[in-house]
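Input: a single structure, listed below in structure tokens.
The values are calculated or read from the model by the stated rules, or taken from the named source; none is laboratory data. What you see is a predicted model, and the numbers here were worked out from it, not measured in a lab. A quick note on method: Cβ atoms are made from the backbone with ideal geometry, for glycine too, and the neighbour counts reach across all protein chains shown.
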Amino acid sequence: MEKRKLGFWDIWNMSFGFLGIQMGFALQNANASRILQIFGADVHELSWFWVVAPLTGLIVQPIIGYYSDRTWTKLGRRRPYFLVGALLAAAGLVLMPNADMFTAFMPALWVGAGMLMIMDASFNVAMEPFRALVADLLPSDQRTLGFSVQTILIGIGAVIGSWLPYALANWFGVSNNAAEGEVPLNLLLSFIIGAAVLVISILITVFTTKEYSPEELAQFAINEGEKEEEEEEKSSLLNIFSDFKKMPLTMKQLSSVQFFSWFGLFGMWVFATPAIAHHIYGLSLDDHGKAYQTAGDWVGVLFGAYNAVSAVYAFFLPAIAKKIGRKMTYSMGLIFGGLGLISIYFVPNENWLFLSMFGIGIAWASILAMPYAILAGSIPAKKMGVYMGIFNFFIVIPQIINAVIGGPIVKYFYGGNPIYALVISGVSLLIAALLVVKVNDVDDVVIIDK
């Protein structure tokens with residue numbers, strides 16, 4: 001018994017919920033720092049407010065992965081988790097820009113930071129079961145396509161989410177100006193629309209995708225040569241720690257690549273708006289008026305641009321990977337991203353930043369697809385969820401480290417100028433590109449041998 005090959009639209013529907021997840025994620029990445037600054041955060045404090053989100057993911061992801069491996073309901077194995085995650089994330093999207101409603105109980109800044117935590121944790125709950133779902137349902141030779149389709153949908157959702165505040169302000173006349181301490185109307189509406197799209201897109205995946213039964217998955221594992229473990233009957237949540245120690249060699253090798261990749265991405269998300277407003281627009285970091293909001297809207301456009309590039313490039317990833325190998329494809333993408341981030345320091349005006357975003361978009365597509373395509377072939381099918389959750393350690397730990405040290409470094413080493421945080425992020429991606437060379441891609445070896 002073998003896994004059946006799925007048609008393109010089956011794979012599309014299976015991952016369609018990612019469009020909504022990434023739309024919400026893009027709204028968060030492009031605008032959370034700006035909203036926190038509106039509520040009173042200083043630029044060197046921004047990374048500290050972001051630290052709670054990856055810290056929560058560090059705890060939540062492996063637990064979700066563990067239980068999703070062992071869950072079976074009428075909705076299947078993975079679908080209950082990304083449905084609940086989507087509903088919680090939608091609540092966070094609605095409430096974060098409206099944090100000033102709760103000032104009778106707590107300062108708006110702390111409420112906003114709490115909603116950021118809820119959003120990011122919920123996106124994580126929803127996101128990793130999607131990764132495991134691709135590995136569950138697709139045979140090995142379709143996994144690169146499966147993760148590439150996810151990347152395409154991620155790109156589409158991120159473009160819409162990133163551009164939405166700018167579009168509402170400039171195409172539909174919704175105000176992007178507000179009184180001191182208040183979030184502009186275009187941002188408020190963007191987050192509400194993002195929440196609605198998130199829930200709808202997840203429901204489409206839930207109702208159009210059928211998962212394999214536990215018995216079928218067990219049979220696939222036997223066919224693929226996996227040995228049944230006697231202690232499996234005595235499994236417990238504590239086995240996450242033993243699974244961590246026994247992680248496959250490929251996963252260990254990818255961990256260092258993930259570390260430097262996500263260290264760089266986190267620095268970009270946290271500091272892009274203040275860095276571009278200050279370095280490109282020449283604005284004071286203490287100015288949160290209309291000019292700063294315009295700069296922030298433009299950062300959203302730029303983030304949409306790199307996600308658009310990512311969505312288009314993802315169409316070509318399977319063909320490129322087949323031609324030059326997955327490792328070379330991955331490394332090349334990270335090099336483009338590193339150079340793109342470094343180039344932000346040198347561009348003469350805001351329009352040239354689209355060239356920087358082109359490189360970042362190539363890297364983003366590669367980061368979202370290639371490590372998972374490489375990893376899936378080295379993980380036992382019955383532990384796909386828990387290992388995908390453990391793999392998330394190497395996404396959130398670098399973000400936590402950057403969150404703790406990023407703000408003080410900007411304040412004390414960069415003289416308060418956040419543009420240098422973006423340059424260091426670029427260098428981090430270049431280091432990741434070099435480390436890809438050491439990774440052992442099991443499936444690629446099989447394909448080449450054939």
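Descriptive notes on the structure:
- The test for being at pLDDT 85 or above and closer than 28 Å to S68 by Cβ holds for I160.
- G267 satisfies every condition listed in (1) modelled with pLDDT of 90 or more; (2) in a helix (DSSP H, G or I); (3) surrounded by fewer than 22 Cβ atoms within 10 Å (Cβ to Cβ) except (3).
- Yes/no for Y313 being of a type in the set (S, T, Y), more than 30 Å from N177 (Cα to Cα) and either touching a Gly at 6+ places or on another chain (Cβ under 7 Å) or not in a helix (DSSP H, G or I) (or both): yes
- Subset of segment 83-120 (residues that are modelled with pLDDT under 85 and within 21 Å of the chain's Cα centre (by Cα)): G112, A113, G114, M115, L116, M117, I118, M119, D120
- Scanning segment 51-79 for residues that are over 17 Å from the mean Cα position of the chain (by Cα), part of a helix (DSSP H, G or I), modelled with pLDDT under 80 and crowded, with 21+ Cβ neighbours inside 10 Å yields Y66, S68, D69.
- Pairs where the first residue, in segment 262-287, is farther than 13 Å from A30 by Cβ and the second is among the charged types (D, E, K, R), C-beta under 6 Å, 6+ apart: I280/E350
- Residue list for segment 392-446, restricted to those being surrounded by 17 or more Cβ atoms within 10 Å (Cβ to Cβ), in a loop (DSSP other than H, G, I, E, B) and hydrophobic (A, V, I, L, M, F, W, C): V439
- A residue that is of a type in the set (A, V, I, L, M, F, W, C), surrounded by fewer than 23 Cβ atoms within 10 Å (Cβ to Cβ), under 27 Å from I204 (Cβ atoms) and touching a Gly at 6+ places or on another chain (Cβ under 6 Å) occurs nowhere in segment 161-177.
- Evaluation of F82 against the conditions (1) without any contact (Cβ under 8 Å) to a residue 24 or more places away in the chain; (2) surrounded by 24 or more Cβ atoms within 10 Å (Cβ to Cβ); (3) of a type in the set (F, W, Y) shows that the sole unmet condition is (1).
- In this entry, G181 passes the filter for residues that are of a type outside the set (D, E, K, R) and more than 24 Å from A308 (Cα to Cα).
- When W48, W9 are screened for being within 30 Å of V299 (Cβ to Cβ), hydrophobic (A, V, I, L, M, F, W, C), at pLDDT 75 or above and surrounded by fewer than 20 Cβ atoms within 10 Å (Cβ to Cβ), only W48 passes.
- Hey, A373 touching a Phe, Trp or Tyr at 6+ places or on another chain (Cβ under 8 Å), at pLDDT below 90 and either among the aromatic types (F, W, Y) or within 20 Å of L429 (Cα to Cα) (or both) or not: yes
- Residues in segment 345-357 that are surrounded by 18 or more Cβ atoms within 10 Å (Cβ to Cβ) and not hydrophobic (A, V, I, L, M, F, W, C): S356 alone.
- Only one of the listed residues (I342, I360, I374) is surrounded by fewer than 24 Cβ atoms within 10 Å (Cβ to Cβ), of a type in the set (V, I, T) and touching a helix residue (DSSP H, G or I) at 6+ places or on another chain (Cβ under 9 Å). That residue is I342.
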